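These notes are about the structure you will find just below.
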Amino acid sequence: MLPIAIHADRAFTPFEEISDAVVVIQGSKISAVGQRGKVAMPRGAREMSARGKTIVPGFVDVHIHGAGGRDVMEGTPEALEIIAATVAAHGTTSMVATTVTASEMETCRSIADIAKFILDAGLSPARELAAEILGIHFEGPFISNARRGVHPAEWIAAPSPPLLLRFLDEARGTAQILTLAPELPGALELIAIAREAGLLVSLGHTDANHEQAQAAIMAGARHAAHVFNAMRPFSHRDTGVLGAIFNSPDVSAELIADGIHVDSTAMRMLLDLKTPQRVILVSDGTSATGMPDGKFQLGTFQVMVKEGICRNAEGKLAGSTLTLDRALRNIVALGVPLASALQMLTANPARQIGLGSRKGVLTPGADADLVFLDANLEVSGVMTRGAGLAMYS
Ligand SMILES: [Zn+2]
């Protein structure tokens, strides 16, 4: 395949801003990035112009349940392809398929089906212009009943090594994140098993006090699911899990930046406390993402979407319809520099799941996952792994 050299007004690696940029693609990889004139052009390179655009790394979503009317727990190639294609149009080129609390049978079936999809080597044309599903995020069932949000109470489980081992077995090496409540008896043992299996352990749906959360961090927890949501609230004399997250530089913090889950003051506080290097923007997107208002499925239960806000029958927030391009614009609207905002949805999530050299960066050797942004930070083009280049405007 001939190399492609794409010229754009600027690029963000995301750490560095390059004006008058060139990104060279060879096959599915980036082979060079730099300023025009400073990058050696490979022989026979096909040149492309993306005038007026900014090239940034494709977004990496580590907490997403569905999109385009489909839920990851359906597990069928059709459902996963629709989800992956829907989010790709919004700049998400990699995602970690996220389960919700369900029965053991349902969860295991979903995990096995998602794993099969990931491990099926053949790249069908339907997967070309679609996000790559990098792995699986287990959100539940080892969570707090008091902070379960919309996770069904009947399927919440006490930390159980045999159950986690069964999930890992079904996942066949594709498990990436385990979100659990660290205050539950047996949680620390589960953290040890998950760490041993190479998973990122995430504190979430938790009523943990400071000591309990601290113990989990000591045991290897390094991430926190949708910070502020489904967590014991912060108090100056009972700082709880949030106090531990704020005070632990090694712990990354997910943020649902839709302006509904967390208000702008709390978003600013989180950005100040954790710094842009440790915040990870996630969608927590449900099947309702990219769809008109109506009734949708989240895992095994129904949610209602009105004016883009997703709730269960009792009116509790149930995930979102957020896409990461909108999250980016919302964060920039808070006054955060674009380079910092971009890190939160590219390099940071990729690094936390151990894929920092392959995903979320524009560097030689990384996957050619590119997003083309216009002057309003709207997605005007996407390239996934060197293929499926689609320009929308
Ligand atoms: Zn959740």
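Observations
- Every pair of residues 6+ apart whose Cβ atoms lie under 8 Å, when the first sits in the stretch 321-341 and is of a type in the set (S, T, N, Q) while the second is open to solvent by less than 30 Å² (accessible area, probe 1.4 Å) and assigned to a helix (DSSP H, G or I): THR323/VAL87
- All positions within the stretch 340-375 that are hydroxyl-bearing (Ser, Thr, Tyr) and surrounded by fewer than 24 Cβ atoms within 10 Å (Cβ to Cβ): SER340, SER357, THR363
- Here ASP61, ASP113 are screened, and the one residue that is among the charged types (D, E, K, R), surrounded by 24 or more Cβ atoms within 10 Å (Cβ to Cβ) and closer than 23 Å to PHE167 by Cα is ASP61.
- Boolean, ALA187 is more than 21 Å from THR321 (Cα to Cα), of a type in the set (Gly, Ala, Ser) and buried (at least 21 other Cβ atoms within 10 Å of the Cβ): yes
- Restricted to the stretch 127-184, and to residues there that are away from the ligand (no atom under 16 Å from the Cβ) and β-branched (Val, Ile, Thr), the residue that is farthest from GLY75 (Cα to Cα) is THR174.
- Condition check for ARG278: over 18 Å from SER144 (Cα atoms) and touching an Asp or Glu at 6+ places or on another chain (Cβ under 6 Å): no
- Residue check, ASN247 open to solvent by 10 Å² or more (accessible area, probe 1.4 Å) and touching a residue at least 12 places away in the same chain (Cβ under 8 Å): no
- Residue in the stretch 205-215 that is of a type in the set (Val, Ile, Thr), touching a Ser or Thr at 6+ places or on another chain (Cβ under 6 Å) and either at pLDDT 95 or above or closer than 18 Å to SER94 by Cα (or both) present: yes
- Per the listing ILE217, ILE193, ILE177, ILE136, the residue uniquely more than 30 Å from ALA390 (Cα to Cα) and open to solvent by less than 10 Å² (accessible area, probe 1.4 Å) is ILE177.
- For the condition within 16 Å of the ligand (Cβ to nearest atom) and without any contact (Cβ under 8 Å) to a residue 24 or more places away in the chain, LEU255 does not qualify.
- Filtered residue count, the stretch 1-18, keeping only those that are open to solvent by 60 Å² or more (accessible area, probe 1.4 Å) and either under 21 Å from GLU378 (Cβ atoms) or at pLDDT below 95 (or both): 5
- Filtered by the rule that a residue be under 21 Å from the mean Cα position of the chain (by Cα) and either open to solvent by 30 Å² or more (accessible area, probe 1.4 Å) or within 15 Å of the ligand (Cβ to nearest atom) (or both), the stretch 224-243 gives ALA224, ALA225, HIS226, VAL227, PHE228, ASN229, ALA230, MET231.
- Criterion applied to THR76, THR86 was being under 27 Å from the mean Cα position of the chain (by Cα), surrounded by fewer than 15 Cβ atoms within 10 Å (Cβ to Cβ) and modelled with pLDDT of 95 or more, and the one residue passing it is THR76.
- Pair list, Cβ under 8 Å, 6 or more apart: the stretch 43-66 residue closer than 14 Å to ILE6 by Cα, other residue basic (Lys, Arg): THR54/ARG10; ILE55/ARG10; PRO57/LYS359
- Only a single item in (1) among the charged types (D, E, K, R); (2) at pLDDT 95 or above; (3) in contact with a strand residue (DSSP E or B) (Cβ under 8 Å, 6 or more places away or on another chain) is not met by ARG70, and it is number (3).
- Residues in the stretch 181-207 that are within 18 Å of THR101 (Cβ to Cβ) and touching a residue at least 40 places away in the same chain (Cβ under 8 Å): PRO182, LEU184, ALA187, LEU190, SER202, LEU203, GLY204, HIS205, THR206, ASP207.
- The set of residues from the stretch 89-107 being surrounded by fewer than 24 Cβ atoms within 10 Å (Cβ to Cβ) and more than 16 Å from the ligand (Cβ to nearest atom) comprises ALA89, SER103, GLU104, MET105, GLU106.
The values are calculated or read from the model by the stated rules, or taken from the named source; none is laboratory data. All values derive from a computational prediction rather than experimental measurement. Every residue, glycine among them, receives a Cβ derived from its backbone with ideal geometry; neighbour counts consider all protein chains shown. The area values use the complete protein model at the heavy-atom level, side chains included, leaving out ligands, DNA and RNA. Shrake-Rupley method; radii C 1.70, N 1.55, O 1.52, S 1.80 Å.
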